[in-house]
Amino acid sequence: MINPFTEINWSPNNSDLKSYGKVMIIGFTVLASIAGILALLEVSDKFTPTLAYILFAFGVLVFIMTRIIPKSVLPIYYVWFAVSASIGIVVSNLLLAIFFYGIFSIFAIGMRIFTKRDPLQLKKVSKDSYWISIDKEKELKRYLKQY
């Protein structure tokens, strides 16, 4: 399994934190816009204009903190990346499980039911030997046609 925690920069310098601030203001502006649109459409009681203001203010606050004192955002940085890496582990394993059990296994079961092939030769047949002999070509011209 791939460990996303090894990909995180656990000792960022000031320029890394400033670019993190840019990403946070852009991301939280987008989230605030979505929350504002959902509040205007009155989709749910959870989406209020106050939520949009809080999201935008948090993004602006982190951006300003990265500009003034970049090292002050390290706790937010660490929590943000630890949570996102944890979510990444869960989502990637969930998608792999869905693919394997939902698609690959159903395909394999269908192949086993609808075709009578035994490509791995798993069915036991009483034979003296299970050795499969292969006729090898002895011609040298075959080396010229490898593909």
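The residues of the chain expose on average 85 square angstrom of accessible surface per residue, using a 1.4 Å probe on protein heavy atoms. Of the residues 120, 95, 38, which exhibits the maximal mean-square fluctuation in a Gaussian network model of the chain defined by a 10 Å Cα contact cut-off? Taking springs between Cα atoms under 10 Å, the residue moving most is 120. Relative to the compact-globule estimate of 2.2 N^0.38 Å, the Cα radius of gyration of the range 5-147 comes out at 2.00. Set the Cα radius of gyration of the range 1-69 against 2.2 N^0.38 Å, with N its number of residues, and you get 1.40.
What percentage of the solvent-accessible surface of the chain, computed with a 1.4 Å probe over protein heavy atoms, is contributed by carbon and sulfur atoms? So the carbon and sulfur contribution to the accessible surface is 69 percent. Backbone phi angles across the range 5-10, fed through the Karplus curve with coefficients 6.51, -1.76 and 1.60 (θ = phi - 60°), yield HN-Hα couplings of 5, 6, 7, 7, 7, 7 Hz in residue order; Gly and Pro are listed as x.
How long are the three semi-axes of the equivalent ellipsoid of the range 77-147, in whole Å, if each is the root of 5 times an eigenvalue of the C-alpha gyration tensor, listed from largest down?
One finds semi-axes of 45, 24, 12 Å for the range 77-147.
Sorting 53-65, 103-115 by their mean Cβ neighbour count within 10 Å, with the most densely packed peptide first, gives 53-65, 103-115. Estimated purely from DSSP H runs of n ≥ 4, each contributing -39500 (n - 2.57), the mean residue ellipticity at 222 nm for the chain is -19000 deg cm²/dmol once divided by its residues.
The values are calculated or read from the model by the stated rules, or taken from the named source; none is laboratory data. Since the structure is predicted, the reported quantities are computational estimates derived from the model, not experimental observations. FYI the Cβ positions are ideal-geometry reconstructions off the backbone, even for glycines, and counts take in every protein chain you see. Heads up: the accessible areas ignore ligands, DNA and RNA and are worked out on the full protein's heavy atoms, side chains in. Shrake-Rupley method; radii C 1.70, N 1.55, O 1.52, S 1.80 Å.
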